[in-house]
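Notes follow the structure.
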Amino acid sequence: MKRLITICIALTLSLSLTQAFTSISLAAELSNDDCVKCHTQPPADIAAQGGAHKTEVTCLECHEGHPPAVRDNIPACNSCHSDKAHYELKKCLSCHSNPHTPLVLHLAKDITGPCLTCHQEQGTQLQENKSFHTTMACTACHQQHAQVPQCVNCHTPHNNTMVQADCGKCHQAHKPLVIVYNDATPSKSCGACHDEAFNQLSASASKHRALSCAACHKEKHKMVPACQDCHSIPHSAGMMKKFPTCGECHNTAHDLNL
Ligand code: HEC
Ligand code: HEC
Ligand code: HEC
Ligand code: HEC
Ligand code: HEC
Ligand code: HEC
Ligand code: HEC
Ligand code: HEC
Ligand code: HEC
Ligand code: HEC
Ligand code: HEC
Ligand code: HEC
């Protein structure tokens, strides 16, 4: 008897769907627990990585009705997500490629505009500080969401002692040509391009040798200090009137005459 019932149920389920679902009472009784009997993938996806689509909504809240009684039971994303710039985008599924795993994103390599719906600041920084990076798409660098690339994937360091961790001491990715740094920046990083200044200062016997490049050329690249910024005027007014520039007697900061 039990066996007979099982066969009956199996038969009913395997009947053509048209027959099964035109039975209004059966369609009305369709519950969230039934779906998995015929659809295995969506429930498995949701169980694994459904995120808020697992915890905040059910199958039937998204899929109202079922074919053939209801021909189109695929929801529009904006029936639940509205009132934010991000939700005005077209083709939600081009990035959220599987609605049952909404945070597993597929990002093409040429995306910029859609990122700005949430990250305006970075877009503004790139526009206000024009560089080659401004011409690149966000996802040319950020190939996966929230992943940050290494500069050295695309660039060779200025010398062979410099590593990825150094780049950020002088550069920011979204304004790479605005070069700012602090006093602790090692002089040998500057020396990568200014070997003459570096070698002169290293060979000098003056107290300036103890100072880093960045301690004198403060904060911004190409800033040149005046001797008086640190020494005021250590000599008599008479002498300074006769020899107005410090260099006349002291040569240069990197190579002081002592
Ligand atoms: C008895 C088996 C069965 C059950 C139970 C069932 N479905 Fe289906 N479902 C099907 C079949 C077969 C199709 C294909 C129908 C068609 O293309 O006309 C389908 C189609 C769909 C579609 C696709 C519609 C489209 O346009 O591609 C969705 C969505 C869907 N079902 C969701 C659900 C949900 C949600 C549940 C549970 C509430 C569920 N189904 C329960 C068999 C079932
Ligand atoms: C947040 C809304 C949402 C939830 C919750 C949801 N779905 Fe879907 N589902 C969709 C959308 C949107 C599509 C259409 C995807 C497409 O066009 O590629 C879809 C497609 C489907 C399809 C047809 C295509 C396929 O992947 O086989 C089935 C079947 C389906 N869902 C079943 C389910 C089941 C079963 C559940 C519950 C375990 C469920 N869905 C939960 C939104 C949802
Ligand atoms: C029936 C309502 C409903 C539909 C339709 C729906 N969502 Fe959602 N979705 C929600 C709710 C509720 C949440 C949780 C609250 C929130 O983040 O707004 C959510 C959250 C999300 C999240 C964040 C997930 C997380 O775990 O934080 C993403 C991404 C998302 N939805 C994308 C989509 C996309 C893309 C579509 C269309 C394919 C869609 N949703 C359709 C109701 C829906
Ligand atoms: C160009 C790719 C792209 C497109 C197109 C896209 N999204 Fe998103 N979406 C994202 C990214 C990236 C996130 C951030 C994910 C995270 O925080 O992990 C996101 C997050 C979300 C979230 C959750 C967080 C939040 O603050 O809202 C929802 C909901 C969402 N998208 C819905 C949608 C809807 C609805 C559409 C279509 C109207 C859409 N998305 C189109 C890329 C996209
Ligand atoms: C995905 C590859 C990629 C990554 C990652 C990348 N860049 Fe670039 N960058 C380029 C390309 C391509 C150019 C243009 C050709 C060139 O100058 O090498 C460029 C140019 C530059 C320029 C010169 C800009 C101009 O307009 O002249 C600087 C400075 C720069 N990058 C610094 C950096 C720094 C610092 C990082 C890390 C924070 C970084 N880049 C990360 C690809 C990349
Ligand atoms: C040339 C590669 C490159 C491009 C193009 C790029 N980024 Fe970045 N982004 C980075 C790097 C590297 C970091 C890490 C911080 C740094 O080095 O300045 C970063 C950091 C971020 C952060 C973390 C917060 C912050 O500002 O540090 C966000 C958000 C971000 N980028 C979004 C974007 C968006 C949106 C775009 C497109 C408008 C974009 N990025 C274009 C390389 C890039
Ligand atoms: C729906 C809103 C949304 C969209 C669209 C979005 N993001 Fe995000 N993004 C976030 C959130 C939320 C975080 C997490 C912030 C955090 O953890 O500090 C984040 C984090 C990031 C981070 C890492 C920040 C860090 O501090 O390490 C990067 C890089 C990033 N996003 C780049 C992008 C790029 C590139 C795009 C376009 C493909 C994009 N985002 C689209 C919301 C979004
Ligand atoms: C001590 C500061 C400093 C450090 C550290 C530094 N840079 Fe630079 N970088 C500069 C300066 C200054 C320039 C601009 C020279 C000019 O005006 O032409 C520059 C220019 C560049 C350029 C443009 C092309 C070129 O070679 O002139 C790229 C690319 C670059 N840096 C990448 C990097 C990378 C990658 C790192 C980390 C490995 C890094 N930089 C570390 C100061 C630094
Ligand atoms: C990537 C190579 C590079 C690095 C690294 C670099 N510079 Fe330069 N620097 C240059 C170039 C190129 C110039 C322009 C030379 C010119 O105009 O003749 C320059 C010019 C200067 C000038 C001269 C400005 C003027 O008016 O003559 C000073 C001062 C300077 N850099 C200091 C530094 C300091 C300090 C560091 C380390 C924090 C540093 N540089 C790192 C490439 C670099
Ligand atoms: C950023 C600050 C700064 C700048 C700019 C600067 N100096 Fe100095 N200088 C110092 C410091 C600090 C000492 C060491 C003082 C001490 O230890 O008594 C010093 C020492 C000296 C000494 C004594 C050297 C010795 O070995 O006894 C002379 C001479 C001197 N500076 C001349 C100059 C001249 C000329 C210039 C401009 C070309 C200049 N300085 C620019 C900070 C600076
Ligand atoms: C004590 C302060 C001081 C220190 C330390 C210092 N400089 Fe200078 N630098 C100056 C001053 C002042 C000038 C302007 C020329 C002069 O009067 O000597 C200058 C000029 C320059 C110039 C442009 C003219 C030239 O000589 O090429 C460059 C480039 C430069 N410095 C790079 C560096 C580098 C790289 C370092 C570290 C190795 C460094 N400086 C260390 C004070 C300093
Ligand atoms: C006419 C030559 C001459 C000129 C010009 C000159 N100095 Fe000197 N300076 C000297 C001599 C010689 C000494 C060493 C004797 C002494 O301590 O007075 C000296 C010493 C110094 C010392 C070291 C003082 C100490 O206590 O160790 C500093 C710092 C200094 N000069 C800075 C400057 C600055 C800054 C200028 C430009 C504003 C300048 N000098 C212009 C000749 C000159």
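The values are calculated or read from the model by the stated rules, or taken from the named source; none is laboratory data. Keep in mind it's a predicted model, so treat the numbers as computed, not measured. Positions of Cβ are backbone-derived with ideal geometry, glycine not excepted, and every protein chain shown enters the neighbour counts.
For Ile179, the criteria (1) over 30 Å from Thr161 (Cβ atoms); (2) within 16 Å of ligand 6 (Cβ to nearest atom); (3) aliphatic (A, V, I, L, M) hold in every case but one, which is (1). Within the option set Thr139, Thr101, being assigned to a helix (DSSP H, G or I) and surrounded by 15 or more Cβ atoms within 10 Å (Cβ to Cβ) holds for one residue only, Thr139.
Annotation note: of Asn251, Asn199, the sole residue that is within 11 Å of ligand 11 (Cβ to nearest atom), free of Cβ contacts under 8 Å to residues at least 12 places away in the same chain and on the phi > 0 side of the Ramachandran plot is Asn251. Scanning segment 170-184 for residues that are at pLDDT 95 or above and not aliphatic (A, V, I, L, M) gives Cys170, His171, Gln172, His174, Lys175, Pro176, Tyr181, Asn182. Residues of segment 84-141 that are free of Cβ contacts under 8 Å to residues at least 12 places away in the same chain, more than 20 Å from Ala173 (Cα to Cα) and among the polar types (S, T, N, Q): Ser97 alone.
Just to check your reading of the model, which residue among Val163, Val152 is near ligand 8 (Cβ under 9 Å from one of its atoms), surrounded by 12 or more Cβ atoms within 10 Å (Cβ to Cβ) and outside the structural domain of Asn251 (by TED's automatic domain parsing)? Lay out the reasoning, then the answer.
Details: Val163 fails: surrounded by 12 or more Cβ atoms within 10 Å (Cβ to Cβ).
After ruling out the rest, the residue left standing is Val152.
If the condition is being loosely packed, with under 13 Cβ neighbours inside 10 Å and of a type in the set (S, T, N, Q), then segment 203-244 contributes Gln228, Ser232, Ser236.
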